[in-house]
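Student: Once you've had a glance at the structure underneath, I'll fire off some questions.
The values are calculated or read from the model by the stated rules, or taken from the named source; none is laboratory data. Quick caveat: nothing in here was measured; it's all calculated off a predicted structure. As a convention, Cβ positions derive from the backbone with ideal geometry for all residues, glycine included, and neighbour counts pool all protein chains shown. What goes into the accessible areas is simple: the full protein's heavy atoms, side chains included, and nothing from ligands, DNA or RNA. Shrake-Rupley method; radii C 1.70, N 1.55, O 1.52, S 1.80 Å.
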Amino acid sequence: MIIQRVVLNSRPGKNGVPVAENFRLEQSTIPDTVQEGQVRVKTLYLSVDPYMRCGMNEDTGSDYLQPWQLSEVADGGGVGVVEESKHHNLAKGDFVTSFTWPWQTAAILNGDLLQKLVPQLVNGRLSYFLGAAGITGLTALLGIREKGHVAVGANQTMVVSGAAGACGSLAGQIGRLEGCSRVVGIAGTDEKCSILVQEMGFDAAINYKKGDVAKQLRELCPGGVDVYFDNVGGHISDTVISQMNQNSHIILCGQISQYNKDVPYPPPLPPDIEKIQKEKNITRERFLVLNYMDKQEESVLQLCQWIQEGKLKVRETVVEGLANIGDLPYLAG
């Protein structure tokens with residue numbers, strides 16, 4: 001069977017910015033028949049995420065993430081439909097997902113490594129299983145519950161950087177649902193800031209490309225910051241940390257601003273910011289959602305319930321066609 005697939009054509013280098021030419025679309029084949037325990041699937045959706053930048057390096061800097069190999073197919077979160085099955089628990093027509101789905105139009109996969117999906121849980125929006133009801137939503141929810149120490153009635157203020165992104169936009173909403181009394185987002189355009197406030201229920205949003213971010217934070221968070229959902233690192237995070245309260249908490253989700261630099265993860269804080277962190281007893285612990293998979297099922301059901309009730313608003317960027325996957329902004333730096 002002839003298929004199309006996307007392979008890693010070249011590496012951008014540890015300090016380089018990825019470009020579309022780092023990927024190559026090519027034709028390949030898969031067997032015409034499946035073996036016992038396998039299924040043939042048609043790919044419906046693939047998720048392109050910031051962490052994949054690390055996979056483009058020979059050394060990913062992470063013990064859980066394996067590097068993509070040159071001239072080999074890339075992979076990540078995916079959703080598809082079973083077209084042929086020799087697996088006891090999967091039948092033709094079932095919708096399935098995997099965290100290591102190959103970037104190709106069809107594939108033969110081990111059925112034991114696939115999770116069966118129930119489309120009704122997300123009102124038929126299968127792509128949500130890669131976002132709001134998938135690893136992205138789990139990262140936001142479990143990050144807040146495990147590292148944010150949010151408590152109903154505690155009058156806590158949460159700040160979210162990268163707030164208009166897939167994870168950040170969910171984190172702000174979940175912070176509110178979990179009990180934060182005030183949620184402020186930081187994003188890169190006026191349009192994104194408007195969406196956060198008008199659609200996502202944030203109390204306020206700061207365009208970090210305009211004006212004095214530190215001044216705006218002081219005005220919008222007069223009682224200081226109790227919880228910081230950190231997606232970006234760098235100067236923005238230093239600014240937020242400098243205004244955090246005693247015994248507050250940083251949810252270390254991502255450091256997007258540092259992904260095209262040869263630095264360890266998590267990147268060390270500047271000495272003056274590290275001093276503030278220690279003096280104020282601010283927690284800043286590495287968070288990896290894969291360490292909490294025992295809570296996956298109940299957490300996904302909670303996310304789906306919020307989606308069905310309209311309490312969790314979802315925005316997606318969907319690009320048609322496998323040929324365009326290398327042009328997506330997450331991989332272009």
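Student: Test Arg24 against the stated conditions and say whether it is assigned to a loop (DSSP other than H, G, I, E, B), touching a helix residue (DSSP H, G or I) at 6+ places or on another chain (Cβ under 9 Å), farther than 24 Å from Ala133 by Cβ and of a type in the set (Lys, Arg).
Tutor: no
Student: What are the residues in segment 277-296 that are in a loop (DSSP other than H, G, I, E, B) and on the phi < 0 side of the Ramachandran plot, if any?
Tutor: Once the filter is applied, which keeps residues that are in a loop (DSSP other than H, G, I, E, B) and on the phi < 0 side of the Ramachandran plot, segment 277-296 yields Lys280, Ile282, Phe287, Leu288.
Student: In the set Val152, Val79, which member is β-branched (Val, Ile, Thr), in contact with a Gly (Cβ under 9 Å, 6 or more places away or on another chain) and not in a strand (DSSP E or B)?
Tutor: Exactly one of Val152, Val79 is β-branched (Val, Ile, Thr), in contact with a Gly (Cβ under 9 Å, 6 or more places away or on another chain) and not in a strand (DSSP E or B), namely Val152.
Student: Of the residues that make up segment 113-123, is at least one of a type in the set (Lys, Arg), open to solvent by 50 Å² or more (accessible area, probe 1.4 Å) and assigned to a loop (DSSP other than H, G, I, E, B)?
Tutor: No, because not a single residue in segment 113-123 is of a type in the set (Lys, Arg), open to solvent by 50 Å² or more (accessible area, probe 1.4 Å) and assigned to a loop (DSSP other than H, G, I, E, B).
Student: Does Asn110 qualify as being open to solvent by 20 Å² or more (accessible area, probe 1.4 Å) and either under 23 Å from Leu196 (Cα atoms) or touching a helix residue (DSSP H, G or I) at 6+ places or on another chain (Cβ under 7 Å) (or both)?
Tutor: When the stated conditions are applied, Asn110 does not pass them.
Student: Every residue in segment 269-294 that is farther than 25 Å from Thr239 by Cβ, surrounded by fewer than 16 Cβ atoms within 10 Å (Cβ to Cβ) and not hydrophobic (A, V, I, L, M, F, W, C), please.
Tutor: Asn291, Asp294
Student: Right, Asp75: acidic (Asp, Glu), open to solvent by 30 Å² or more (accessible area, probe 1.4 Å) and farther than 19 Å from Leu322 by Cβ or not?
Tutor: Considered against the rule, which asks whether it is acidic (Asp, Glu), open to solvent by 30 Å² or more (accessible area, probe 1.4 Å) and farther than 19 Å from Leu322 by Cβ, Asp75 comes out as no.
Residue-wise test of (1) of a type outside the set (D, E, K, R); (2) buried (at least 24 other Cβ atoms within 10 Å of the Cβ); (3) farther than 15 Å from Cys253 by Cβ; (4) touching a strand residue (DSSP E or B) at 6+ places or on another chain (Cβ under 8 Å).
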position: Arg145; (1), (2), (3), (4): no, no, no, no
position: Ala171; (1), (2), (3), (4): yes, yes, no, yes
position: Gly175; (1), (2), (3), (4): yes, yes, no, yes
position: Cys193; (1), (2), (3), (4): yes, no, yes, yes
position: Glu199; (1), (2), (3), (4): no, no, yes, no
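Student: Pairs, please: C-beta under 8 Å, at least 6 apart or cross-chain, first residue in contact (Cβ under 8 Å) with a residue 24 or more places away in the chain and open to solvent by less than 70 Å² (accessible area, probe 1.4 Å) and in segment 10-23, second β-branched (Val, Ile, Thr) and outside any loop (DSSP other than H, G, I, E, B)?
Tutor: Phe23/Val6; Phe23/Val7; Phe23/Ile325
Student: Quick one: in segment 69-97, of everything that is of a type in the set (Gly, Ala, Ser) and in contact (Cβ under 8 Å) with a residue 24 or more places away in the chain, which residue is nearest to Gly111 (Cα to Cα)?
Tutor: Ser85
Student: Let me ask another. Go through Gly179, Gly211 for me and flag whichever is within 24 Å of Ala151 (Cβ to Cβ), open to solvent by 10 Å² or more (accessible area, probe 1.4 Å) and more than 19 Å from the chain's Cα centre (by Cα).
Tutor: Of the residues listed, the single one that is within 24 Å of Ala151 (Cβ to Cβ), open to solvent by 10 Å² or more (accessible area, probe 1.4 Å) and more than 19 Å from the chain's Cα centre (by Cα) is Gly179.
Student: Let me ask something else about it. Is segment 32-48 home to any residue that is buried (at least 18 other Cβ atoms within 10 Å of the Cβ) and basic (Lys, Arg)?
Tutor: The answer is yes; a qualifying residue exists.
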